[in-house]
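The values are calculated or read from the model by the stated rules, or taken from the named source; none is laboratory data. Here the structure is a predicted model, which is why all the values come from computation and not from measurement. When we count neighbours, we look across all protein chains shown, and the Cβ atoms used for this are built from the backbone with ideal geometry, even at glycine. Surface accessibility is based on the protein's heavy atoms, side chains included, excluding ligands, DNA and RNA. Shrake-Rupley method; radii C 1.70, N 1.55, O 1.52, S 1.80 Å.
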Amino acid sequence: MAAPGLRAAAGALRRACGAWSPRLGRRLLRSPPMAGNVQAPAPVGAAREQDRKARGGWRGGARVWEDAEQQAKQRRGGPGGELRRKLPKRKIVLLMAYSGKGYHGMQRNVGSSQFKTIEDDLVSALVRSGCIPENHGEDMRKMSFQRCARTDKGVSAAGQVVSLKVWLIDDILEKINSHLPPHIRILGLKRVTGGFNSKNKCDARTYFYMLPTFAFAHKDHDVQDESYRLSTETLLRVNRLLACYKGTHNFHNFTSQKGPREASARRYVLDMFCEEPFVRDGMEFAVIKVKGQSFMTHQIRKMVGLVVAIVKGYAPESVLERSWGEAKVDVPKAPGLGLVLERVHFEKYNQRFGNDGLHEPLDWSREEAGVTAFKEQHIYPTIISTERHERSMAQWLSTLPVHDFNATAHAAACPDAKVPSPAGDSD
């Protein structure tokens with residue numbers, strides 16, 4: 001075929017099939033347009049859009065198949081599982097109050113059923129109320145659980161705060177409390193930021209220690225029973241000694257397993273004082289309040305114990321200054337019965353997020369009436385009745401004479417002398 005004939009044939013083929021494009025490939029042969037039904041060829045951009053949609057249709061089909069598969073899985077999981085998947089899981093904080101008598105502290109010991117803790121009962125109630133799945137109760141890290149303060153054995157709380165992620169079910173507080181014993185209550189709930197950690201975000205903690213005032217009766221010239229009444233003069237002396245704790249000190253002698261040169265042994269106490277005494281069931285009591293950034297294990301109980309030993313005449317006042325030095329000082333530990341975590345403070349968090357329009361400030365003023373009622377119903381009566389029947393303070397006071405409060409002074413005078421280990425103060 002001559003060259004002009006080949007060119008003419010190629011032109012006819014292009015007109016029939018359309019232009020060839022590397023992106024779109026060769027188009028299918030089309031029939032010549034019928035007379036009276038002539039349409040202008042689609043622009044190149046429109047053709048590319050049609051091709052994109054055609055190829056996207058396969059991916060859309062895959063998505064439809066995946067959605068159908070997910071729905072089938074949810075149906076196989078049952079209606080309850082499907083309902084929980086639809087519920088929002090959010091970071092919250094719970095305001096807790098509890099009486100610690102009969103419990104081995106706040107923190108849960110997973111895998112140990114011998115020593116019951118407050119968190120054992122709390123986690124059980126969370127699972128049974130439908131707030132968390134069962135496997136979150138077995139591994140509390142899955143719900144980002146954190147308590148603000150780890151209270152010791154027998155210690156109570158009126159304002160403990162824990163942070164965790166839960167399903168926000170209807171009537172959540174009522175349902176949790178319905179699975180808790182009456183001496184453990186959830187008094188409030190607030191939404192917080194996703195990365196909130198109740199321990200790390202806490203600026204300070206306030207505790208109070210409730211004790212019978214005969215603990216301050218002088219060993220030589222005061223009655224040592226519940227007929228004792230605290231004088232104004234003795235109360236002033238108690239507060240003068242408690243004020244010595246204010247500020248930053250090295251409290252290595254007020255806890256266990258802390259060396260005098262460890263930075264973590266230095267703690268900051270904002271305030272410490274004793275309130276006016278009051279009488280309950282014929283016995284006079286007083287409340288010592290202390291606020292600090294954080295406290296070590298047994299620190300508050302030893303702070304109280306040393307002041308009691310001084311006021312009763314067993315230890316000189318100079319032992320306070322010596323206890324903050326590097327030398328080991330024998331510091332007695334008061335009973336855990338009267339210690340109560342009263343409230344925790346989140347000033348910095350409130351300043352940053354409390355008024356941002358999205359989060360509530362962590363202020364529990366609306367729950368204050370419930371906190372007061374719980375203390376009157378469960379905490380104060382437990383402390384008073386236990387002290388009256390078990391006499392824990394009276395028994396502990398009888399151990400004070402065995403402590404050697406001058407041991408450090410003797411060691412300083414005689415460097416080769418061996419300092420005896422503390423008596424009656426095992427951890």
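Of the solvent-accessible surface of the stretch 331-379, computed with a 1.4 Å probe and all protein chains present, 48% belongs to carbon and sulfur. Over all distinct Cα-Cα pairs of the stretch 314-382, the Kirkwood formula returns a hydrodynamic radius of 16.6 Å. According to the calculation over all Cα-Cα pairs in the stretch 242-341, the P(r) per 5 Å bin from zero is 2, 12, 23, 26, 20, 10, 4, 2, 1, 0 %. In terms of overall dimensions, the C-alpha atoms belonging to the stretch 132-264 reach 61, 41, 24 Å along their principal axes, ordered largest to smallest.
Amide hydrogen proximity for residue 107: with H placed 1.01 Å from N in the peptide plane, the residues at 5 or more positions away or on another chain lying under 5 Å are 151.
Loop-resident trypsin sites (Lys or Arg not before Pro) (DSSP state other than H, G, I, E or B) in the stretch 121-163 with no more than 16 further Cβ atoms inside 10 Å of their Cβ: 150, 153. Here the gap between residue 124 and residue 219, fully extended at 0.36 nm per residue and compared with their Cα-Cα distance, gives a gain of 29.4 nm.
Amide H contacts of residue 325 (H built 1.01 Å from N, in plane; Pro and chain starts excluded): no residue 5 or more places away or on another chain comes under 5 Å.
Counting only protein heavy atoms and a 1.4 Å probe, tell me what percentage of the stretch 95-236's accessible area is made up of carbon and sulfur. Reported share for carbon and sulfur atoms: 45 percent.
For residue 161, the residues whose amide H sits under 5 Å from its own are 96, 148, 149, ignoring neighbours fewer than 5 places away on the same chain, with H placed 1.01 Å from N.
Of the residues 227, 250, 214, the one whose Cα sits farthest toward the positive end of the charge dipole of the stretch 195-251, with +1 on the Cβ of Lys and Arg and -1 on the Cβ of Asp and Glu, is 250.
Here is the list for the stretch 100-159: chymotrypsin sites (Phe, Trp or Tyr not before Pro) lying in DSSP coil, each with at most 13 other C-beta atoms within 10 angstrom of its C-beta, are 115.
Using R0 = 22 Å, the C-beta based FRET efficiency linking residue 199 and residue 348 works out to 0.95.
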